[in-house]
Structures are given as C-alpha cells and as structure tokens.
1. Have a look at 58, 35 and point out the one that is away from the ligand (no atom under 13 Å from the Cβ) and either within 28 Å of residue 340 (Cα to Cα) or part of a strand (DSSP E or B) (or both).
2. Inside the range 344-369, can you point out the residues that are closer than 17 Å to residue 208 by Cβ and touching a residue at least 24 places away in the same chain (Cβ under 8 Å)?
3. Against the definition (surrounded by fewer than 20 Cβ atoms within 10 Å (Cβ to Cβ) and under 17 Å from the mean Cα position of the chain (by Cα)), how does residue 330 come out, yes or no?
4. So residue 112 passes all but one of these: (1) over 21 Å from the mean Cα position of the chain (by Cα); (2) within 20 Å of residue 266 (Cα to Cα); (3) surrounded by 13 or more Cβ atoms within 10 Å (Cβ to Cβ). Which condition number does it fail?
5. Condition first: near the ligand (Cβ under 10 Å from one of its atoms) and touching a strand residue (DSSP E or B) at 6+ places or on another chain (Cβ under 6 Å). Now tell me which residues in the range 66-79 satisfy that.
6. Could you list, in sequence order, the residues of the range 63-73 that are surrounded by fewer than 20 Cβ atoms within 10 Å (Cβ to Cβ) and either touching a helix residue (DSSP H, G or I) at 6+ places or on another chain (Cβ under 9 Å) or free of Cβ contacts under 8 Å to residues at least 40 places away in the same chain (or both)?
7. From 257, 293, 337, which residue is within 15 Å of the ligand (Cβ to nearest atom), more than 16 Å from the chain's Cα centre (by Cα), modelled with pLDDT under 95 and surrounded by fewer than 22 Cβ atoms within 10 Å (Cβ to Cβ)?
Ligand SMILES: Cc1cc2nc3c(=O)[nH]c(=O)nc-3n(C[C@H](O)[C@H](O)[C@H](O)COP(=O)(O)OP(=O)(O)OC[C@H]3O[C@@H](n4cnc5c(N)ncnc54)[C@H](O)[C@@H]3O)c2cc1C
C-alpha cells in the first residue's frame, strides 16, 4: 500500500491543470501521487470556442488529451464524480471510490440553459462545444435579419466573451459583404456592459461594440424564449438567430453539499481553503469576494492563479514549512476586435486601495499575445 500523500483533483480544467502541474514541479512521483478526475478526456482554452465559430479553428486542433498527463506523472481517471465523503476523505465516482489526503475541487460551473423556458428549443448555447459547428453553419448561411446575443444571468464565465463574439461575428458578416443587412444586438441583465470590470472599462467596451454598430441593451433580464421572440422582464424583442450565454450554476453535487454557501457555489478566502481540513476549492466553482459588491470574475486566468496558490499551500503543508500563500488576484482577459487586433483587460483585484481594472489599446501585438497565452498553457500543462 502506498504511503506517499495523495492529492486528488476534481476537474481537469484551468484550475485542476494548474494545481497539478505546479505540484508536480515541487514533488517527484516517488513522494507525491497526483490524480485528476474528469468526465471528459480533453482540455480546451475557452476562447478557442469562438475561433471554431468563426472558422479559423477546428475542435481537433484546439484540444489537448488529458490522457497525455501520464507523461507528467499525473494520473488521469475519466469518470463522473458523484459524491464527496469529507469525513471518510474519499470521492465516489461512476467507476470507483478513491481516497485522498488532499482534495482540490476545481469542477467549474455548469451551464443551465433549461433554467430559461424555451431557450433550448429556440436558441443556441454560445458556450457549448457541441453547438459551435451548428452556430458557424447558421452564421455562414444567414443572409439578412437579426442576430441576438443574450447574456441570461450574472455571473458568467469570461465577462468579455459575449462582446468578443459580437465583434467576431461582425467581422464574419463584413467579410461576406452582408453586414448592413443584419442587425447584431447584445442583451445584458446588468446596467453596464461588464460590472466585473468596473464602470470605466464597461464604457470603453460599449464604445468598442457600438463602433461596429452592435446595439447594446442594458438591464435586460430574459424570462422566456418563444419562436423568434425574446421575452424580457420589461419588454419583448425579435430575433432570427439567438446565441445565448446560459445561466451558470454550481455542479449538482457541490450545490447539494455542505460546502455550498453562495447560491450553490463555494465561498472561499484568498487562501482557497474550505471548512474541511486539507480540502481546497478554486476557479469557477467558487465565489471569492473582493469587496462587498465585487467578486473575482469567473475566468481561466483566475482559476489558474488560484491553482498555483493552492499548490504552494499544499507544498508548505507537506514540507511543514508553515507558510500560507494568499491568491494575488492579478490577471487579464483578452478581447478580440475582429480586425486582427485585441485588447487586454488587466485586473489587479486586491491592489492596495481598491480593485484595479484597465483596458489596453487594441493592437496586433495583443492578438499575438492571445495566441501565445493558449500555446503556453497547452505546452506547459501537457
Ligand atoms: C467562449 C469562452 C471564452 C473564454 N475566454 C477566456 C479568456 O479569454 N480568458 C480566461 O481566462 N478565461 C476565458 N474563459 C473562461 C474559462 O474557460 C473558465 O473560466 C475556466 O475554464 C474555469 O476554469 P475551472 O478550472 O474553474 O473550470 P473548468 O475549466 O470549467 O473545468 C472544470 C472541469 O470539471 C469537470 N467536471 C465538472 N463536473 C464534473 C463531474 N461531476 N464529474 C467529472 N468531471 C466534472 C468538467 O468536465 C471540466 O473539465 C472563456 C470561456 C468561454 C466559454
């Protein structure tokens, strides 16, 4: 029987890959066992989904296989995670019961289009990898009419992504010479484009989309979808093609667990600990408050940073160095303009006075940095 500590990581996304790889740098396989469990066997950087929609990528050349983690001496088990027994320190999956010494919950958020009546029947899920090719086909076929991009609830992952989708779709339609025949509208439940990035950045994002004739509808809370019709709390609107960012909820076993305390998500502090000894939570499955009204946004770059924080804290526990690392909240999300340039929303969530957010100018160099961001992750994690 193995006597070395076992770190079990639930979810092989941004957070799970970050914590596992960082731990493997600190411990050789003879002194630490690391296992990732995920129901799917691939990883993709979220923003590549928009490149599949605009036809510059395929699913196959945007993904890495979690099975390749064996090269890094990280075990991968493909299974559905069904339950966590915090007292017995074990996880029940569709295949097995697995014990842990340290547990990292990095299961992301679940997309729940079923929460908006009519959405599944009449619209597409912009974030669902299974629908990307169909969305692309519809965008290649559409000749005229109205495209609606609808953010159905807050918070959702990658706050700039729906705006970026508008700009990339604008670009596709311009290239086809039919942009003036199609109206693109974006609907958002919040009063400003991106509350997570603050009012100044929100204003700049608004200017960016409006400069491409995208119509922004604020404070638009979607209730129901009918054939060609969006029914909001206060008004109705028509569409020919609906691309929605569905409600985000915590995975079922998390919101039914003792850990769920912030509408189903796990509330953490900057040390990413939970109330159970040696159990940590990171990424989109968590809520990390910054101020009374602001939390760390759901984005890969923050899940990655929290993963690195947890790796340091587990390392310190195993090596008994007694150091506690707090997550620094520094990161950035790209927003592509559709004109071969991109800007970066730079974020310093826990900067000394108040959270800092800043939008850099739109440049070709930033677009190259976005490609590099993806390449770097796929290279260092696989
Ligand atoms: C279109 C789009 C663009 C984006 N652009 C950016 C960007 O530019 N920058 C950025 O930083 N972020 C971006 N994101 C957001 C980013 O992808 C997420 O925030 C990030 O993946 C969160 O990481 P995570 O580890 O918390 O969760 P995830 O990466 O979602 O990983 C969770 C994993 O847990 C697994 N899982 C969940 N439940 C179970 C279960 N019961 N059993 C087994 N496995 C389970 C899932 O299969 C998944 O692999 C984008 C997202 C989208 C959709």
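1. Working: 35 fails: away from the ligand (no atom under 13 Å from the Cβ).
Exactly one of 58, 35 is away from the ligand (no atom under 13 Å from the Cβ) and either within 28 Å of residue 340 (Cα to Cα) or part of a strand (DSSP E or B) (or both), namely 58.
2. Those that are closer than 17 Å to residue 208 by Cβ and touching a residue at least 24 places away in the same chain (Cβ under 8 Å): 344, 345, 357, 358, 359, 362, 364, 366, 367.
3. So residue 330 fits the description; yes.
4. With (1) over 21 Å from the mean Cα position of the chain (by Cα); (2) within 20 Å of residue 266 (Cα to Cα); (3) surrounded by 13 or more Cβ atoms within 10 Å (Cβ to Cβ) applied to residue 112, the lone miss is (1).
5. 66, 77, 79
6. 63, 64, 67, 70, 72, 73
7. Answer to the check: 257.
The values are calculated or read from the model by the stated rules, or taken from the named source; none is laboratory data. Keep in mind the model is a prediction, meaning the values are calculated, not measured. In this analysis, Cβ positions are derived from the backbone assuming ideal geometry, glycine residues included, and neighbour counts consider all displayed protein chains.
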